[in-house]
């Protein structure tokens, strides 16, 4: 059975959450006015989705893998390779890739993990690092590139490396920078030990390089936190993933703001479309993103879109920021509701994971979702939110069910049996 | 724990669907007046069921396998063996079996895949084919038998065969008859190549035999489409399935209209009961079917019943036909509601898959179901339909859960643990 029905997955990153006393027991999503999301819920089929399985907090990478139908338990080899690919580094088999933050470090203690969410000058900082490590470390080539805001990627290339090493990033402020070490199960492995030594030398020497940078002297003069350290984490090697086209027989595009997810899209051979004004920050231009979907909608069978802003509010435990970000998602959806032909389109609106204000990080809470458009049987839900969607007729699915369900609505699934 | 409680699974084939603008946004099931089904819902426990898993369109064969607790991913080897068994052919290990249609073919193009749903004379056509291939093809025995309406089965018996070959049936009108070929993964396999050659010769020679038949000359004289070709599909070999009695310790019967499902029942060692008036068509006698259940109800622990008519309306995208077929299911249920002792019976009413009018084929949509009778905890649903059942307390289950749940209601499940 093959149809021309288009499929869209639209995710507000980390958009789900938990009830807050300050919102009279409502979540941010429930408290924010979201007329377009509510229209999706009212005209669609609602439910809850566990990206991995109930209670498991998903990363953005594992969640997107699962939702796109690639079981992360089978395929996930760490965040680093996606991040590196997403910023344009061509990761090769055997390379060890890390995701990194530019951070503010004083006396080996992490003062601020994101260097005040530095927005400008990281290209200059990255160039300084590249120059400093032009000769590599111990025969290993060092490849480093900046990404959005405080994010960056590090690639180690050469013989005798192993990705099974710990994070340098301690994942919280006010504590010492961690030493990179082999994971316990490979504590005595020479390649893992060597990889850890190289990472530690990179962290130490790059700290010296960055401290001397004009960018940081200028930031300090303006009372901004200096981006004087690089904290690698999420070591991994390139996974072997069947392409999106091979798996589904469809051409797919990604319009996403996070290099990590862009990298996944590139691995899957999807077209990763850049949008002017899509900053990945709170100031992103959600209408430009929606316009981009509308512009390519006829060209592709499938588009995945992710707006990052709600996740930022969640990580910062900033209620107002998260609610404004949700309003952004709502405006993008409103644009699509008016622009696309819903006789030949089906969309799933939701999130990749919850990032509750009260947690300040990804949680294992189930995510509200709604399917809308072609093939859908609208249920009785009329508001988009955690508790309202939970009463819908989708009930509770997993990320791994999404591609099957959305292709079924689009009449793109092959019958199993006769 | 062993009780005498009887268990019935009653399926309206393809009975679920999608909303239709012509029915003011209701499905056929929601629009048709169904007092008996509504009584089942009101007095029972409702929910949704995915026969295989969410979004996967199931065949009648794989759906019935799953609902009877035989995982089709583990056991399914193609439709042919069930179809052949269902028409009374004793498939042996190594035999390659095909499901076939009598079709109307002109200049090698399929004019009508079902020869106008031919109802009479296929026994004569089958006898002509049997005679023509009395000597077999290339040392392989050819066994052919007609089934209901345009359906038939073909069996190849002999050394050096392989079931991994493509369909001759192109599954649509107006295109050329396909050549049977080895599947790509066994393109160079001599047994698969030989099997394909034999099938192609059978198709060519049977076309010549049928064109000469008096049955077809008579049909053409009456302006009916001639059944002048046989289109095999769904090649498979006999699966090894544990008998129903061995698996469940119960004696089971099937009262079904489709040979495909009858064949499955025979494989499982269930008693497959024929009912006079059960035609498998729109004119089937639903009261005769309900009477048959009532007549054997005391003899069997378990009865599975399937009325085919709703699926026909779905495949033909005929709203009126599908609604009338649903009314037939409702009258059969009404009969059972009045005849059986519900203190010692539990029934699940539902479907094997959805066949929406708007799709004209099986879809991956979830199926409305209701359990009623012994052991059930009635919920708040009072109408039987896709959206109403979705609000019931069964929530969303899979076909593979059904036998466990219904045996649990019947107090026939062994305790796991102590």
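For the stretch B:230-355, what is the Kirkwood hydrodynamic radius in Å, using each pair of distinct C-alpha atoms?
Working: mean 1/r = 0.0634 Å⁻¹.
With all distinct Cα pairs of the stretch B:230-355 included, I get 15.8 Å.
Residue B:222 label point (Cα plus 7 Å toward Cβ) to equivalent points in the other copies: 8.9 nm, shortest first.
Under the √(5λ) rule applied to the eigenvalues of the Cα gyration tensor, what semi-axes describe the equivalent ellipsoid of the stretch B:32-179? Give them in Å, descending. The partial results should precede the final answer.
Values: eigenvalues 227, 87, 51 Å².
Largest first, the stretch B:32-179 gives 34, 21, 16 Å.
Picking from B:339, B:322, B:308, which is most flexible by a Gaussian network model of chain B using Cα springs under 10 Å? Fluctuation is largest for B:339. Here the stretch A:41-74 is scanned for amide nitrogen atoms under 19 Å from the site 7 Å beyond the Cα of residue A:189 along Cα-to-Cβ, giving A:73-74.
As a rough footprinting exposure proxy, the listed residues B:316, A:188, A:162 were ranked by other beta carbons within 10 Å of their own, and the order from fewest upward is A:188, B:316, A:162. Each Cα pair under 8 Å and six or more residues apart adds its sequence gap; the mean of these over the residue count of the stretch A:53-165 is a relative contact order of 27 percent.
DSSP beta bridges confined to the protein assembly as shown are antiparallel in about 60 percent of cases. Look at B:23, B:337 and count the other Cβ atoms within 10 Å of each Cβ; fewest to most, that gives B:23, B:337. The simple Förster model, with R0 at 60 Å and r as the Cβ-Cβ distance, assigns residue A:130 and residue A:414 a FRET efficiency of 0.80. For the pair residue B:71 and residue A:285, label points projected 7 Å from Cα toward Cβ lie 5.1 nm apart.
State, to one decimal in nm², a quarter of the convex hull surface area for the C-alpha atoms of chain A, i.e. the direction-averaged projected area. Before the final figure, lay out the partial values.
Working: hull surface 82.7 nm².
With every direction weighted equally, the projected area is 20.7 nm².
Ascending distances from the residue A:55 label point to its copies in the other chains, with the point 7 Å along the Cα-to-beta-carbon line: 2.5 nm.
For the protein assembly as shown, just say rounded, prolate or oblate: build the C-alpha gyration tensor, square-root its eigenvalues into a ≥ b ≥ c, call rounded for a/c under 1.5, and beyond that prolate if a/b exceeds b/c, oblate if not. Prolate shape, in that a/c is at least 1.5 and a/b is the bigger ratio.
For the stretch A:351-402, the Kirkwood radius over C-alpha pairs fed into Stokes-Einstein at 25 °C and 0.890 mPa s yields D = 199 µm² per second. When peptides B:252-259, B:78-85 are sorted by average Cβ neighbour count within 10 Å, with the highest value leading, the order is B:78-85, B:252-259.
The calculated 222 nm mean residue ellipticity attributable to helices in chain A amounts to -9500 deg cm²/dmol, summing -39500 (n - 2.57) over DSSP H runs of n ≥ 4 and dividing by all residues.
How are the Cα pair distances of the stretch B:307-351 distributed, in percent, across 5 Å bins from 0? Histogramming the stretch B:307-351 at 5 Å steps yields 6, 21, 25, 17, 13, 10, 6, 2 percent. Axis angle, to the nearest 10 degrees, between helix B:286-296 and the longest C-alpha principal axis of chain B: 70 degrees.
Mind checking A:386-396 for the average number of partner chain beta-carbons within 10 Å of each residue's beta-carbon? Each step should come with its number before you reach the end.
Values: counts 0, 0, 0, 0, 0, 2, 2, 12, 5, 9, 2.
For peptide A:386-396, the averaged partner shielding equals 3.
Relative to the other identical copies, residue B:299 shows label-point distances of 6.7 nm, where the label point lies 7 Å from Cα along the Cβ direction and values run shortest first.
Of all chain A residues, the one whose Cβ lies closest to the rotation axis that maps A onto B, given with that distance rounded to whole Å, is A:395, 3. Other protein chain C-beta atoms within 10 Å of residue C-beta, averaged over B:136-148: 0. The mean number of Cβ atoms from other chains found within 10 Å of a Cβ in peptide B:171-177 is 0, as a whole number.
Once both axes come from the Cα atoms, what is the angle between helix A:190-211 and the longest principal axis of chain A, in degrees from 0 to 90, rounded to 10? Value to nearest ten degrees: 80. When a/c reaches 1.5 or more, the comparison of a/b and b/c decides; with that in mind, is the stretch A:93-236 rounded, prolate or oblate per its Cα gyration tensor? Verdict is prolate for the stretch A:93-236. Each of B:119, A:415, A:328 was scored by other Cβ atoms within 10 Å of its Cβ. Listed from fewest to most, they are B:119, A:415, A:328.
Can you bin the stretch B:320-406 into rounded, prolate or oblate? Criterion: square roots of the alpha carbon gyration tensor eigenvalues sorted a ≥ b ≥ c, rounded for a/c under 1.5, prolate for a/b above b/c, oblate for the rest. Oblate shape, in that a/c is at least 1.5 and b/c is the bigger or equal ratio.
Read-outs throughout are calculated quantities, based only on the coordinates presented, and are distinct from any laboratory measurement. Predicted model only: the values in this text are computed from it and were never measured. Because the Cβ atoms are built from the backbone with ideal geometry, glycine has one as well, and the counts that use them run over all protein chains shown.
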